[in-house]
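The values are calculated or read from the model by the stated rules, or taken from the named source; none is laboratory data. Here the structure is a predicted model, which means the values were calculated and not measured. All Cβ positions, even for glycine, are placed from backbone atoms using ideal geometry, and neighbour counts span all protein chains on display. Surface accessibility is based on the protein's heavy atoms, side chains included, excluding ligands, DNA and RNA. Shrake-Rupley method; radii C 1.70, N 1.55, O 1.52, S 1.80 Å.
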Amino acid sequence: MGLFTGVVTLPLAPVRGIMWIAEQIEKQAMRELADPAVIQQRLDEVASARESGEISEEEADQRESALVSRLLNGGQTAGGVEV
């Protein structure tokens, strides 16, 4: 990068920095979505909420199905359902 290019693109540096941070956050989120330990923890939370009556059987089944699907698909959510 030449001196002139560096000076001209200097005002864009904050935007590039923010974009880099956003990419890092996205990568970490995708790693966590695909982590089997995190998915198992969510399944345990759903089971606990079901037992305590916080959520209905139907809602628990939906959440469990989404989590199992996410586990089988390597972290990809099924049908836009986020758990």
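Structure values in brief
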| item | result |
| --- | --- |
| Per residue value of the accessible surface for the chain (all protein chains in place, 1.4 Å probe), Å² | 74 Å² |
| Dipole-positive endmost among Met30, Met19, Leu67 within the chain (Cβ charges, Cα centre) | Met19 |
| Per-peptide average of other Cβ atoms within 10 Å, ordering 9-18, 26-35 highest first | 26-35, 9-18 |
| Carbon and sulfur %, accessible surface of the chain computed with the full protein complex present, 1.4 Å | 60 percent |
| Dipole in debye (nearest 20) - the chain, about Cα centre, beta carbon charges: Lys, Arg +1; Asp, Glu -1 | 720 debye |
| Computed over the chain: relative contact order in percent, which uses C-alpha pairs under 8 Å that are six or more apart | 28 percent |
| Listed candidates [x] 3, 16, 27, 25, 15, 8, 5, 1, 0; [y] 3, 14, 17, 15, 11, 9, 7, 6, 6, 5, 4, 3, 1, 0; [z] 3, 14, 17, 16, 13, 12, 10, 7, 5, 2, 0 - label of the one calculated as P(r) over Cα pairs in 5 Å bins from 0, in percent | [y] |
